[in-house]
Structures are given as structure tokens and as C-alpha cells.
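What follows is a structure written as C-alpha cells; I'll ask about it next.
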Amino acid sequence: MSLPDSLPSFEAEASKLSQTYTAEVARLLEEFLVAKSVEVGQITSSAVEIVNAITSLTKGGKRLRPLFAFWGHLGAGGDKDSTDIVRLGVALELFQAAALIHDDIIDNSDTRRGQPSVHKRFESQHQALGLAGSAAAYGSASAILAGDLCLSLSEEAFSEIEHLPKDARNIFNQMRTQVMAGQYLDVLEESAGPAYDPREAVKRARTIVRFKSAKYSTENPFLLGGALAGADEELLKSYSAFALPLGEAFQLRDDVLGVFGDAEITGKPTGGDLLEGKRTELIAHALLLSTEEEREFIQTRLGASDMTAAEVDRLSTILRDSGALEATEHSISELTEQSRQALEKLSISPRALAGLQQLSDAVTKRSK
């Protein structure tokens, strides 16, 4: 089985639909946050900065999660002009913003999308205003609150969907639980990794990828869009077969870019994941493929607070020369192929297939 020969004739229409939809999500998201800024301002003008930080973070971006929801919706026969699918897109963008804010605090990341991360933004505010106490502590505390507000606003936006099937509510609730559990596993792995059996490192890394990122990046948005349009269990199962491996490939590509990406393109420092001590699948492969001396270096220096630029370079070299990078690229290729085969089996319109093919390319063929 293969994709229909007529697919290219739908590419322009699919691209236009995606552009129109993302513009609507951006518009409604801006309106929603403006209203929240007014609401918070009525409490105290000082707290408006929390909403401003969220607004700044959610501007731009690819809107990949809303787009998966949109094409899942259309693939299941949903209306392209549905207001509810736009509301779902807003809820997903706010949920992602919450995850990014909290993740940057946990990882102590200074930048996000080429700009200061939210906790660094508040740290700078503390310094600019000449406030008392620790600027770093103020920044982290303020960002935690901004992330919490994002979670609350995401739920509020989701609850404004007028025609909300029970299946969609269950998927949304499950998605949030999965992300928190996956994030905790990531924290646990970074702390306990050196004590764990390296032979199980790849399996553990893939579990983290699946629940911390892949499910909420591709699979659950896709399922939510389908459920919103009344997709049956068989179609939703086919959706998962396409979206989950694609989401895992997406995160593995992110891991590669986190070490070897161009900082000017990714918006994060080259080797940033090594400085943050992330035990990704790249690291897991390296623990299996490197020499005993190299493994010892990885286990003792990865994420060290005093890690030098020379040590970052050495770690990068180990990842490349040991075959860890090649093994991760192989995993990406395998997952992408699994997703492609599942896409070919989807019983949806050629227009929806064209939209999903474009999304698949955007996820796997990227440099940032």
C-alpha cells in the first residue's frame, strides 16, 4: 500500500488550510491572553507581568501540536471552520507553554527560542527594579507561578469547547498525567543515571521520550482532534500508530540538535543538553558503545556544574566517534519509516493525508 498518486494535487490546499488555522489559533490565543491580562490587572497591575511573560513565550512558533489536532479533526470528518478545534489549539499551546516554562527551570536553561527563558526574564526584572534578595530565586519562583497559571489557562481554554465528547476529555486528562510522569522520570534519570545499569539506558531513555514528549507533541493532539470530530476507536488506534513513532522521532531529532545543532538556528547553545546533563538516547547509546574510560568520563562529567567548553567538545566527540550519533540517527530513520507505513494505511481523505505528510516532513526534516 502507498500514498495516493493524487496527493500532490492537494498539497497547496493543505498548506493553505494549515496557514489559515494557525492564524486563527494565534488570533484567539492573543485575545484570550489580553482578556486575562485585564483580569489580572484588576487584581494588581504588578502581576500583569506574569501574563506578559506567557504572551511573549507563545508568540510565533510552528504550532505543531494544534496542527496535529486540526488534521486529526479533518481526517475524522470534522469541519475545517470549527471554532472548537481552534479552542483546542489554544489549549494545547498554553499547555506546551507551561511545560516549557517548568522544563527550563528544571534544566536551568537560560534561553528558549533565542530569547531569555521565563525564569531568566524575571531574574532580569528583579535586577532592573533593584529588588531585595536573590534574583535567581525570584526568577524561579515567578516562573513557577507563570507555568502554573499556564496550566490553569490551558484547562480554562479547553473547557470552553462547546461540543466536548467524553473521549476528548479523557485524552486531555491522560495527556497531562503522562507529561508530568515523564518529566519526573527525566529528573530521576539525570540524578540516578550513573547508578543504573547502562545496558538498560536506551530503554529508559525511550520511555522518557515517549511520555515526556512524544505523546503530548503528536499522538495526543492528533487523538484529541479526532475525538472532537467523533472518530471511532479503530480510527483513533490508526492515528496512534502514525503519530507516536513520529513523535518519538521528533524528540530524538531534538536531542541530536541539542548537542550538534547550530545555536543561531536552534536558539539554544550548542552542546546545551550536555551542560544540562540530559541523559538522552544519544547518551544511552554512548554508554554502550564507548570505551570504559569514555564511559567513566560521561558518568562523572555530564552535566557537571563546572563543566568546561573543552569537556563539552570531548563529550560531543565521544558521541560522534563511538557511533552513538549514528545509532540515534538509525532510530530516527526506523521510527520515521514506521510512521510513514502507518500513514499509508490511514483511511482518510487525500486532503487530510496531504496535510499529515506536510506535518511529518516538518517534524522529521528540521534544523531547529
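Do any residues in region 331-342 that are acidic (Asp, Glu) have Cβ atoms under 9 Å from those of residues that are part of a helix (DSSP H, G or I), where the two are at least six apart or on different chains, and which pairs are they?
Listed pairs, sorted by first residue: Glu334/Pro245; Glu334/Ala249; Glu337/Pro245.
Considering only residues of region 191-207 that are open to solvent by 50 Å² or more (accessible area, probe 1.4 Å) and at pLDDT below 85, which is nearest to Leu289 (Cα to Cα)?
Per the stated criteria, the residue is Arg199.
So, one more: Out of all the residues in region 111-137, which are in a loop (DSSP other than H, G, I, E, B) and in contact (Cβ under 8 Å) with a residue 40 or more places away in the chain?
Arg113, Gly114
List pairs: first residue in region 270-287 and closer than 12 Å to Ser109 by Cα, second residue part of a loop (DSSP other than H, G, I, E, B) and modelled with pLDDT of 90 or more anywhere in the structure, Cβ distance under 8 angstrom, at least six positions apart or on different chains.
Final answer for the pair search is Asp273/Thr280; Leu274/Leu302; Leu274/Met307; Leu275/Met307; Gly277/Leu302.
Quick one: which of Ala146, Ala98 is within 11 Å of Ile54 (Cα to Cα), without any contact (Cβ under 8 Å) to a residue 60 or more places away in the chain and open to solvent by less than 20 Å² (accessible area, probe 1.4 Å)? Steps first, please.
Working: Ala146 fails: without any contact (Cβ under 8 Å) to a residue 60 or more places away in the chain.
Sole residue among the options that is within 11 Å of Ile54 (Cα to Cα), without any contact (Cβ under 8 Å) to a residue 60 or more places away in the chain and open to solvent by less than 20 Å² (accessible area, probe 1.4 Å): Ala98.
Would you point out the residue of region 341-357, among those that are charged (D, E, K, R) and open to solvent by 40 Å² or more (accessible area, probe 1.4 Å), that is farthest from Leu67 (Cα to Cα)?
Filtering region 341-357 for residues that are charged (D, E, K, R) and open to solvent by 40 Å² or more (accessible area, probe 1.4 Å), the one farthest from Leu67 (Cα to Cα) comes out as Lys345.
Pull up region 274-328, narrow it to residues that are open to solvent by 60 Å² or more (accessible area, probe 1.4 Å) and closer than 18 Å to Asp254 by Cβ, then point me to the one that is modelled with the lowest pLDDT.
Leu275
Continuing with this model, one more query. Using beta carbons and a limit of 6 Å, which pairs, at least six apart or on different chains, have the first residue in region 6-32 and over 12 Å from Glu93 (Cβ atoms) and of a type in the set (S, T, N, Q) and the second one open to solvent by less than 40 Å² (accessible area, probe 1.4 Å) and assigned to a helix (DSSP H, G or I)?
That search, which allows pairs on different chains as well, returns Ser18/Leu67.
Check region 208-223 and report whether any residue there is over 21 Å from Asp361 (Cα atoms) and open to solvent by 30 Å² or more (accessible area, probe 1.4 Å). I'd like the intermediate steps shown before the answer.
Within region 208-223, the first condition is being over 21 Å from Asp361 (Cα atoms), and the residues that meet it are 208, 211-212.
Next, from what is left, pick out any that are open to solvent by 30 Å² or more (accessible area, probe 1.4 Å): 211-212.
Scanning region 208-223 turns up at least one residue that is over 21 Å from Asp361 (Cα atoms) and open to solvent by 30 Å² or more (accessible area, probe 1.4 Å).
Of everything in region 156-189, what is under 26 Å from His119 (Cβ atoms), open to solvent by 50 Å² or more (accessible area, probe 1.4 Å) and within 19 Å of the chain's Cα centre (by Cα)? Give them in sequence order. Explain how you work it out, then say what you get.
First, the residues of region 156-189 that are under 26 Å from His119 (Cβ atoms): 156-158, 175-189.
Within this subset, residues satisfying the condition of being open to solvent by 50 Å² or more (accessible area, probe 1.4 Å) are 156, 176-177, 180-181, 184-185, 187-188.
Arg176, Thr177, Met180, Ala181, Tyr184, Leu185, Val187, listed by residue number.
Hey, can you tell me all the residues within region 37-51 that are part of a helix (DSSP H, G or I) and either open to solvent by less than 60 Å² (accessible area, probe 1.4 Å) or more than 22 Å from Phe122 (Cβ to Cβ) (or both)?
Across region 37-51, the qualifying residues are Ser37, Val40, Gly41, Ala47, Val48, Glu49, Ile50, Val51.
Just give me the residues in region 52-82 being more than 20 Å from Gln115 (Cα to Cα) and either outside any helix (DSSP H, G or I) or free of Cβ contacts under 8 Å to residues at least 12 places away in the same chain (or both), in sequence order.
Answer for region 52-82, where residues must be more than 20 Å from Gln115 (Cα to Cα) and either outside any helix (DSSP H, G or I) or free of Cβ contacts under 8 Å to residues at least 12 places away in the same chain (or both): Ala76, Gly77, Gly78, Asp79, Lys80, Asp81, Ser82.
Going through region 12-36 one residue at a time, which ones are open to solvent by less than 30 Å² (accessible area, probe 1.4 Å) and either aliphatic (A, V, I, L, M) or not in a helix (DSSP H, G or I) (or both)?
Across region 12-36, the qualifying residues are Ala14, Leu17, Val25, Leu29, Leu33.
The values are calculated or read from the model by the stated rules, or taken from the named source; none is laboratory data. This structure is a prediction, so every number in the text was calculated from the model and none was measured. With ideal geometry, Cβ positions are generated from the backbone for all residues, glycine too; neighbour counts draw on all protein chains shown. For the accessible areas, the whole protein counts, side chains as well, though only heavy atoms, and no ligand, DNA or RNA atoms are used. Shrake-Rupley method; radii C 1.70, N 1.55, O 1.52, S 1.80 Å.
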